[in-house]
Amino acid sequence: MFNLKSLNCNSSETRYIIHQGGTGSGKTFTILQYIALLTILSEKPYLVSVVAESFPHLKRGAIRDFKRILAMNRWDGMVKENKTEHTFYIGKSVVEFFSADNAAKLRGARRDILFINECNNVDYESFQQLDVRTRQLTILDFNPVRRFWVHNDLLPQLHGEDHILLKSTYRDNQYLTSQEIQNIERRRNNLNWWKVYGEGEIGVAEGVVFSNWGVIRVKSEKLKVNSDVQEIKNENSETFNFSLSTFNSQNLPGQVLGYGIDFGFTHSPTAIVQVNECNGELFIHELLYRSGMQNEELFAFAHEHIDLNVLAVADSAEPKTIDYLYRKGWLGLKPAGKGADSVEFGINLLLDRKINVTAESVNLIKEFRQYMWDTNKDGHLIHRPVKDFDHAIDAIRYVYSYPKKKKLCFA
């Protein structure tokens, strides 16, 4: 892991710290360590804002890591947390967490230090609104999937000692286990993935399988008893209006096509997704993404969270698991169709639809961003996906390509 001293902001000339890094480099964790250490030890009061693209990303990422850092250093007893406001009071300082889709926060009060986590998933306008209200230091981190506003707009404006540009890879993280290192290095053969996530260098846009998807955020605060319409926006600021009668318990438009299940255990998660269809578009919500689940736990989860009589299509490589769950009462459970071209067939079906993913589906969003076509020995793309970052995507593919006539829902 890179040295905390590299984040020293005591110099009044350092306005930006920009950290470009590969997977497993520890960049986010170390930045949060720096923020915790600064606020714990400093007699000066700081207001620190930690921002990410959505609150689900913060909750499952930066907030969880920040709490872990406080606990592992036994600092949690010195900190008062306001769980409603997602704010930590540390001595005279305040560390707040909020998402970039919170317009009021973007244009709200000024702060001393700003940290935008995975800033390549935040648009340039949001960055500018946050940065202009930051007095002392802005910290940015990202995986360099492709060039974006940091490279095209921000860095060309910066000179000399007003910024520090850091680069790191998994090799800089001394706390990775040998198993974690092997898990990263086994992907060397995919040249673009390796360039970005292995070497921490800027990748190219080509190679990603899906570009026909976006994130939707359900504005539940606008949902009233006498409302006729629920407004949803995706990350491209497109607005969808659906009558309330088309919403199920997850507030997804349309009718449930079914649930997809991809089984995992030790090194890969079990993933369950709900797939709805409306006006020719797919709306998808991640229900489960967890490793180490026993069959009893999986059934208990399904019994609590889904209708066991609705079509659910699971990985047919686990016939004993499917049989067990069916006998327990999961009557809608079916094995997925398999064949020599079943993966490519399912992908082609999905590429033919606009896909909307709920902001809460954090792991599915990460999969869509990293699911790539494989390359041959010469580095040329081939029409076969890398068997990685595909657990929830496989689950979608199982249910959507299941041999059943699909009926579109029109609200």
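A few points about this structure:
- Answer from R68, R133, R107 - the residue that is farther than 28 Å from S211 by Cα, surrounded by fewer than 13 Cβ atoms within 10 Å (Cβ to Cβ) and out of contact with any Pro (no Cβ under 9 Å at 6 or more places or on another chain): R107
- Selection status of G264, modelled with pLDDT under 95, in a helix (DSSP H, G or I) and in the same structural domain as D388 (by TED's automatic domain parsing): no
- Of all residues in region 115-167, those satisfying the criterion of being charged (D, E, K, R) and part of a helix (DSSP H, G or I) are E125, D131, D153, E161, D162.
- Restricting region 323-333 to residues that are over 11 Å from L298 (Cα atoms) and in contact with a strand residue (DSSP E or B) (Cβ under 6 Å, 6 or more places away or on another chain), the residue that is surrounded by the fewest Cβ atoms within 10 Å (Cβ to Cβ) is G332.
- Unique residue being surrounded by fewer than 20 Cβ atoms within 10 Å (Cβ to Cβ), assigned to a loop (DSSP other than H, G, I, E, B) and in contact (Cβ under 8 Å) with a residue 40 or more places away in the chain when the list is D388, D378: D388
- Of the criteria (1) closer than 18 Å to L252 by Cβ; (2) crowded, with 21+ Cβ neighbours inside 10 Å; (3) touching a Lys or Arg at 6+ places or on another chain (Cβ under 8 Å), which one A314 fails: (1)
- The residues in region 243-259 that are hydroxyl-bearing (S, T, Y) and at pLDDT 55 or above can be counted, and the count is 1.
- From N212, N192, residue being modelled with pLDDT of 90 or more, within 23 Å of N121 (Cα to Cα) and of a type outside the set (A, V, I, L, M): N212
- Some residue of region 80-90 being in the same structural domain as F115 (by TED's automatic domain parsing), more than 22 Å from the chain's Cα centre (by Cα), aromatic (F, W, Y) and at pLDDT 95 or above: yes
- Residue in region 295-306 that is modelled with pLDDT of 90 or more, under 18 Å from D390 (Cα atoms) and among the small types (G, A, S) present: no
- Subset of region 51-77 [of a type in the set (V, I, T) and either within 16 Å of the chain's Cα centre (by Cα) or not assigned by TED's automatic domain parsing to the domain that holds G91 (or both)]: V51, I63
- Applying the condition of being closer than 19 Å to G214 by Cβ and not acidic (D, E) to region 116-130 and asking which residue is surrounded by the fewest Cβ atoms within 10 Å (Cβ to Cβ) yields Y124.
- Qualifying residue in region 148-164 (condition: under 23 Å from the mean Cα position of the chain (by Cα), modelled with pLDDT under 90, surrounded by fewer than 16 Cβ atoms within 10 Å (Cβ to Cβ) and among the small types (G, A, S)): no
- Residues of region 366-383 satisfying the condition of being within 28 Å of F283 (Cβ to Cβ) and basic (K, R): K366, R369
- Region 256-275 residues that are without any contact (Cβ under 8 Å) to a residue 40 or more places away in the chain, paired with ones that are in a loop (DSSP other than H, G, I, E, B) and surrounded by 24 or more Cβ atoms within 10 Å (Cβ to Cβ) (beta carbon under 9 Å, 6 or more apart): Q274/L252
- Selection status of A359, touching a Ser or Thr at 6+ places or on another chain (Cβ under 9 Å), buried (at least 19 other Cβ atoms within 10 Å of the Cβ) and in the same structural domain as R217 (by TED's automatic domain parsing): yes
- Of all residues in region 35-63, those being part of a helix (DSSP H, G or I), in contact (Cβ under 8 Å) with a residue 60 or more places away in the chain and within 16 Å of L140 (Cα to Cα) number 2.
The values are calculated or read from the model by the stated rules, or taken from the named source; none is laboratory data. Predicted, not measured: the structure shown is a model, and the values here were computed from it. So basically every Cβ, Gly included, is an ideal-geometry build from the backbone, and we count neighbours across all protein chains shown.
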